[in-house]
Structures are given as C-alpha cells and as structure tokens.
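All remarks here apply to the structure that follows.
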Amino acid sequence: MAGNSLFGPMDPAPEAGYADPPKRKGFFTDTSVCIGCKACEVACKEWNEVPDDGFNLLGMSYDNTGALGASTWRHVAFIEQPKPLGGQDSGMRRSPVPLGMPSVGAPGDSTPDAPASPDGGPQDGPDFRWLMSSDVCKHCTHAACLDVCPTGSLFRTEFGTVVVQDDICNGCGYCVPACPFGVIERRTAPEGTKNVGIAQKCTLCYDRLGAGNTPACAQACPTQSIQFGDVDELRERAQQRVEALHAGGVTEARLYGEDPEDGIGGAGAMFLLLDEPEVYGLPPDPVVATKDLRQMFNRASTAAGVLLAGAVVAFVGRRR
C-alpha cells in the first residue's frame, strides 16, 4: 500500500485502510498467575478445529506441544527454575507431616533427620519455582509475515489483528522465516487433515470478535492469566500489575511487547514475565524483517544505477 509505514508506532487498522475501525483488540498474558492447566490450548483447538500435534512428552518438560506452530496456536510453556519466586515463599519448604506410619531403620534408631532449610526447619524437597506462560501470536503492529505475503492471504483486520485466509494461501512459506517469533508455520499432518501445506497461526478468534465475543482461550482461562480487551487499556493494566508485583517483592517482573517504540511497533499480545525473555523462548529485541526494506531498496537501486552507468560508459568507449 502506498505510504505504508514499515517501522515505528502506529494504529494498524487505519494504516490498512479502514475508515472508522473499532479500537484495536489484543491480549495481555500475566504469567505470574498462569497455573499451566492448558485450558487455553484445548479451547483454541476446539473452537478453531486445530488438529492435535502429538501427545508424547518431550523429555525436557511436562509439556507435549513444545512450541507454537501450525497445529498449536496457543502453547503453555513449563519452565522449572531452582529458585523461589522473588522474595516470596515458594511453598516447597515444609516440615514433614507425621502420619503415624512405622519408620524404616534398625530397632532403636530414631527417624533420620530431614535436611535442614536455611531457616533451620526441615526441608522435604528442592526449593524451585515453575514459570508457566501461555504463548501466542503477537499480532505485531508491523507484521513481517503480512508484509512479505505475495498473495494477500495474510491481511490486517479492522481489529488490528493479522489473519490468514486459507483459501488464498498458496503455501509458499515466505511468512515463516519473516516472523521474528517463529509463530507462523505451514501445516504438515497425515492425509485428510484440514489445511495441510497452508500457513496457519492464531487469528485472535476473528469470527468471535465479529460477533462481539471474547476469544476462546481468554474465555476458558480459569485464573484470568489471559486477558482480552482494547490494547491501550491492556497496556495500562499491564503496567499497574507489574508495579503491584514490584511492590510485593517480585522485582524481576517485567513487561514484554507493550512498547510501541520497540522493533515491531508494539505487540497486540503483550506479556508479563518473571525472568528474561530468553528463558521463555522469546527474542529479547524482536525487529520486523521489513524495517530496513526502504533503505535496502534505495541502496540496491543506487548500485544498479552505478552498474548501468558503468556499462554504458564501457560500451560507448569501445565504440570509439
């Protein structure tokens, strides 16, 4: 589109040509209250008819989906860390509860002492925490997948989200390496599965938005870890939540994707994290692949002009 901005803050729906669009919609995922139930994954698959992508444990986590993909539009990560949650009690240091059961050992021996915790009490297990986070497509302000799509299959909706049109996608795969988050993917599955070979990702339940409903994942979340609403209001809510966590001693809490000045112009799906983005498998400084497209085109055009001029000079010189 002529005049389309490739970088920096903007409202994506008017930029895409909508005259009077509704307020931009998105997600705020508060990982501090995620319990890893995967209700969001199930709700997403049921509503959008997304096929399963295997039920085998990965051997690295209590997770069986691993990452976002064509058949996993919501992915709950399970990250185990050997440290407590900020200054709070992780709940793992507890005195053994006497059950009246016979002890094991030689007659007359007392029950072996349990390992002591730093506060002097017995410890019945390691002191660790689970970081759980429901990842999803970021619906970037500047969406590289949309910018590189040659068929127009990927389009910007009036809600500011990015959606794939299955009947237009030709499966070229240009969008796959363009996404800085590795979200979009072409579906590979047994014969008979829906949309095999077609690029697939979260639509933020575009059909539900049109009917005035909440996306399935946010509707199913039992702890309100996934919150849906207007992006501007969600940014304010996210800032208030991180300030409350800091005041409560969780100083490592931080926001991700909420800044309109970042490399993608701000995300439509932002997160509250309890550690560095890399711990969650997120790039620390994502940048849209088309950021430098205009400069690259200008430089390439200049180089081509110089080569053409050189060729003309060489040709004219030989004629003489």
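Summary table
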{"quantity": "Length released on extending from Glu252 to Ala309, taking residue separation times 0.36 nm less the Cα-Cα span", "calculated": "14.8 nm"}
{"quantity": "20 Å Cα-Cα reach of Lys25 towards lysines, excluding residues that sit fewer than 8 places from it in its own chain", "calculated": "Lys138, Lys201"}
{"quantity": "Order by protection proxy (mean Cβ within 10 Å, highest first), peptides 243-254, 171-182, 54-65", "calculated": "171-182, 243-254, 54-65"}
{"quantity": "Signed unit charges on C-beta, dipole axis of segment 188-279, positive-most listed residue Gly266, Gly210, Gly248", "calculated": "Gly210"}
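Values quoted throughout were computed directly from the atomic coordinates according to the rules given, and no laboratory measurement underlies them. Everything quoted here is computed from the prediction, not taken from an experiment. Cβ coordinates were reconstructed from backbone atoms using ideal geometry, including for glycine residues, and neighbour counts include every protein chain displayed.
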